[in-house]
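What follows is one structure encoded as structure tokens, with my remarks underneath.
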Amino acid sequence: MVGKWHLGTGDSTSPERQGFDYVRVIAKNGLDYYNYTITSGGQTVFEDKGQSYLTDKLTDYAVEYIRNNHSRPFFLYLTYSAPHVMLVPRADKLGYYFREYSKHGGKFNPNYAAMLESMDDGVGRVVRQLAESHLLDNTIIIFTSDNGGLGLAELGPVPTNLEPLRKWKGHVYEGGIKVPLVIQWPGRIKANVQTDSQVIGTDYFVTFSDILGLKNQQVPPDGKSFLDVLQNPDKPADRGAIFWHYPHFSNQQGRPAGAVREGDFKLVELFMLTGSAVAFVCGIRCAQ
């Protein structure tokens, strides 16, 4: 496990207690990309003094792990902090995006773009190491995010514009919960294919179990395998309803709410302080 661990560091919530035997966690200054620390088992293993860009450092650990453990099966959980605010890019990547800024009417954030380039470079390094270790054809690569982009000024300028989706991170509308999901599995799923099927994070464990043939494992009650979608992307998935529960306020102007989506329809429930609720039901395509 390499990168951001936002689930606590206690005896029961640390990555070591969740089954990871190699841990490199962002610790101090997790929102900065310099002057941070990396820990393992609660002990500092690296402390930056403004020299090593965080995204690059995390990639270093991931590449090193693959190089040293390529002779046995492994699960690598690489969680970049980028492009989370604060928007701190590498200076040598900024020039191109500043030069392009005027050509697009100010429709993008140069700092954010440069941070994405660093992350893209990191993913490329990981893929190259898999190829050099002769593992690329025997590895499932999943690239995704934990929430939608940020659509307001928080610790700096507004990073993203989610239009035509509604709202952003911290909300149960589509702008807050619709995220990228790219999967590569050479020889087992077709390349360059898109699907409109919906899945959610709790589906991963069930899908991995299905791929490994672990049919009798205990699974989360709301998780469903999407292996059929990977193998038959043109066939509509029988996923059923997907649920979100967000019972607190957020610093992105989000408020306590819940949502359920099935197909093209979604119900959003706003939790009221009085104990009552206001619910909206709409077609996804008309209101997002």
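What whole-number distance in Å separates the alpha-carbon centres of the stretch 222-256 and the stretch 27-74?
Result: 30 Å between the Cα centres.
Quick one: pull the percentage of alpha-carbon pairs in the stretch 1-107 with a separation above 22 Å.
Counting every Cα pair in the stretch 1-107, those more than 22 Å apart make up 40 percent.
Where does the stretch 144-224 land on the Kirkwood hydrodynamic radius, alpha-carbon pairs, in angstrom? The partial results should precede the final answer.
Details: mean 1/r = 0.0661 Å⁻¹.
Every distinct Cα pair counted, the radius reaches 15.1 Å.
For the stretch 1-98, which trypsin sites (Lys or Arg not before Pro) are in a loop by DSSP, counting at most 11 other Cβ atoms within 10 Å? Mind dumping the intermediate values first?
Values: sites: K4, R17, R24, K28, K49, K57, R67, R90, K93; in loops: K4, K28, K49, R90.
Answer in residue order: K49.
For the stretch 93-143, what is the largest minus smallest coordinate of the Cα atoms on each principal axis, given in angstrom and ordered from greatest to least?
44, 18, 14
To make sure I understand, if each residue's beta carbon is the centre and we count other beta carbons within 10 Å, what order do H70, H245, H104 fall in, fewest to most?
Values: H70 16, H245 12, H104 9.
Fewest-to-most Cβ neighbours within 10 Å comes out as H104, H245, H70.
Over all alpha-carbon pairs of the chain, lay out the pair-distance distribution in 10 Å bins, whole %, shortest bin first.
6, 22, 32, 29, 10, 1
Can you put S225, S250 in order, fewest other beta carbons within 10 Å first? Can you show the working numbers first?
On the way: S225 20, S250 13.
Neighbour counts put them in this order, fewest first: S250, S225.
Between their Cα atoms, which of K28/K93; K49/K169; K4/K93 are more than 27 Å away from each other?
Numbers: K28/K93 25 Å; K49/K169 31 Å; K4/K93 23 Å.
In this structure, K49/K169 lie more than 27 Å apart at Cα.
Divide by every residue of the chain the summed helix terms, -39500 (n - 2.57) for each DSSP H run of at least 4, and state the resulting mean residue ellipticity at 222 nm, rounded to the nearest 500 deg cm²/dmol.
On the way: 7 runs with 70 residues, N = 288.
Mean residue ellipticity at 222 nm (helix-derived): -7000 deg cm²/dmol.
Which FRET efficiency value, to the nearest 0.05, do you get for V158 and I189 by plugging their Cβ-Cβ distance into 1/(1 + (r/R0)^6) with R0 = 45 Å? Before the final figure, lay out each step's value.
Details: r = 36 Å, r/R0 = 0.80.
Working from the Cβ atoms, E equals 0.80.
No lab work stands behind these numbers, since they all come straight from the coordinates. On a predicted model such as this, the values are computed, not experimentally measured, just so you know. Positions of Cβ are generated from backbone atoms using ideal geometry, with glycine treated the same way; all protein chains shown enter the neighbour counts.
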